[in-house]
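Data first, discussion second: the structure below is written as structure tokens.
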Amino acid sequence: MIDYLSVETIAVTVMGYPMSWIELVGTTCYLASVVLIAKRQMATWPVGIVAVILYAALFWQIRLYSDALEQAYYLGASVYGWWHWTRMRGDRDQPVPVGYASRASIVRTGVLTAVASVVLGAPMTRGHAWLPTPFPAPAAHPGVDAATTVASLVAMWLTARRRVESWVYWIAIDVVGVWLYHVKGVRFVALLYVVLLALAVWGLVGWHRCRHRGRRAASRSA
């Protein structure tokens with residue numbers, strides 16, 4: 001079973017690209033969880049947890065350390081999101097309601113994202129020198145990796161809180177992700193990010209429309 005968690009254990013070769021089992025299964029689960037998020041379905045959380053565990057092992061092996069470490073946060077956020085969505089859903093047969101953050105909250109979140117990206121990126125450039133045992137080689141693209149990591153943490157929190165603005169973050173992350181994972185040679189993950197970009201646009205439109213339908217319904221009942 002342990003062998004299947006190695007990037008060296010190949011599941012299938014697609015157009016000359018050897019795809020590992022961990023990449024194939026992790027990517028499939030991740031894609032499914034995003035589709036479920038866009039549709040505001042509760043099943044997104046357990047499916048996403050499986051993807052988080054597999055991606056943590058994958059990213060560590062290809063030296064994207066910031067991405068690997070952020071999976072621990074994703075695990076906690078997924079558990080919280082699962083609980084929060086369950087608590088906020090009124091009719092169990094209906095998707096969860098969504099809403100917007102305040103303008104002041106959006107500004108604070110943007111500033112926090114920028115500052116935290118710089119704070120994380122700086123030590124990641126020297127992690128292999130300070131802690132050579134857990135980080136045996138220099139981090140790949142530490143600045144970009146750190147920025148997308150921080151943005152992903154923020155986006156995940158906003159998603160768990162059911163904020164429409166979360167999709168704006170995911171769109172930006174996916175654009176960068178297409179480039180980053182292509183450069184790292186994880187082509188199936190890069191292709192996934194192309195699909196995720198399309199899904200993020202779909203999710204933004206869907207959540208935006210859902211919120212406006214909710215407002216119109218509330219105003220009619222007032």
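Shown are VAL111, VAL52, whose ranking by accessible area with a 1.4 Å probe and every protein chain present, most to least, is VAL111, VAL52.
With θ taken as phi - 60° and the Karplus curve 6.51 cos²θ - 1.76 cosθ + 1.60 applied, the whole-hertz 3J(HN,Hα) list for region 154-171 is 5, 4, 5, 5, 4, 5, 4, 8, 6, 8, 4, 4, 4, 5, 5, 4, 4, 4 Hz, x standing for glycine and proline.
Under 5 Å from the amide H of SER20 lie the amide H atoms of ALA11, each residue being 5 or more positions distant or on a separate chain, with H modelled from the backbone and absent for Pro and chain starts. The calculated FRET efficiency for the pair VAL118 and VAL175, based on their C-beta separation and a Förster distance of 22 Å, comes to about 0.65.
Model label points for ALA72 and THR86, set 7 angstrom from Cα along the Cα-to-Cβ axis, are 2.5 nm apart.
The values are calculated or read from the model by the stated rules, or taken from the named source; none is laboratory data. Predicted, not measured: the structure shown is a model, and the values here were computed from it. Reconstructed Cβ throughout: ideal geometry from the backbone, glycine too, with neighbour counts over all protein chains shown. Quick note on the areas: whole protein, heavy atoms, side chains included, nothing else; ligands and nucleic acids left out. Shrake-Rupley method; radii C 1.70, N 1.55, O 1.52, S 1.80 Å.
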